[in-house]
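The values are calculated or read from the model by the stated rules, or taken from the named source; none is laboratory data. Just so you know, these numbers come straight off a predicted model, no measurement behind them. Cβ sites come from the backbone with ideal geometry, for glycine too, and all protein chains shown count toward neighbours.
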Amino acid sequence: MEEEKKEVTEGKGWNVFKLLPSCGKEAANLDIIFACDGASSVGQVANEVAKDLTVRGVGARMCCTAAVGAGSEAHVNIGKNAKRVIVINGCANKCTSKIMQQKGIKIDYEYTISEMNVKKAPTLDFDDKDVEKIAEKIAEDVGYNGKA
């Protein structure tokens, strides 16, 4: 059992972290999530939802939206090679979707937090209940059963 833990964790002292699947090597087997992380309540909700879906262990993995926008060939290829691409925008600007479209990445599922009964506010604070509700909606839509 202890050896199994070493395979999925890495760190020193109290800093032991669960490692995620390598999105670069395993993109074809993963749903890749690109999310907003904008400076508003809905941007933060989008990012938290992406994190929630990633840590469930259901074959979804968030990837760096900023790297795609910056033109990182490796990150663009992750999106192009993904099993499915899930985009989670924060607000009506839909920056994350626009980045994917500009880089030729096909979007399989697209969500916008501000269109899901969550009001955009100029704060980094958010309600955990919104994150849970939206993560459950997306999980249901894309076929993830239950929490890990």
- prompt: In this structure, does residue 57 turn out to be on the phi > 0 side of the Ramachandran plot, of a type outside the set (A, V, I, L, M) and surrounded by fewer than 16 Cβ atoms within 10 Å (Cβ to Cβ)?
  reply: yes
query: Say we look at segment 91-109 and pick out the residues that are closer than 16 Å to residue 65 by Cα and of a type in the set (A, V, I, L, M); which of these is surrounded by the fewest Cβ atoms within 10 Å (Cβ to Cβ)?
result: 107
- prompt: How many of the residues in segment 110-136 are assigned to a helix (DSSP H, G or I) and either loosely packed, with under 12 Cβ neighbours inside 10 Å or in contact (Cβ under 8 Å) with a residue 24 or more places away in the chain (or both)?
  reply: 9
field: Selection within segment 90-109 - assigned to a helix (DSSP H, G or I) and either on the phi > 0 side of the Ramachandran plot or not hydroxyl-bearing (Ser, Thr, Tyr) (or both)
entry: 95, 98, 99, 100, 101, 102
query: Of everything in segment 44-69 that's touching a Gly at 6+ places or on another chain (Cβ under 9 Å) and of a type in the set (A, V, I, L, M), which residue is nearest to residue 19 (Cα to Cα)?
result: 58
message: Checking the conditions here, which among 86, 78 is of a type outside the set (Gly, Ala, Ser), crowded, with 22+ Cβ neighbours inside 10 Å and touching a Phe, Trp or Tyr at 6+ places or on another chain (Cβ under 8 Å)?
response: 86
query: Where residues in segment 138-148 are touching a strand residue (DSSP E or B) at 6+ places or on another chain (Cβ under 8 Å) and not aromatic (Phe, Trp, Tyr), which of them is surrounded by the most Cβ atoms within 10 Å (Cβ to Cβ)?
result: 138
Hits in segment 27-37 - residues which are in a loop (DSSP other than H, G, I, E, B) and surrounded by fewer than 21 Cβ atoms within 10 Å (Cβ to Cβ): 37
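Quick grid of which residues meet (1) at pLDDT 95 or above; (2) hydroxyl-bearing (Ser, Thr, Tyr); (3) assigned to a helix (DSSP H, G or I):
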site: 44; (1), (2), (3): yes, no, yes
site: 48; (1), (2), (3): yes, no, yes
site: 52; (1), (2), (3): yes, no, yes
site: 58; (1), (2), (3): no, no, no
site: 68; (1), (2), (3): yes, no, yes
site: 77; (1), (2), (3): yes, no, yes
site: 85; (1), (2), (3): yes, no, no
site: 88; (1), (2), (3): yes, no, no
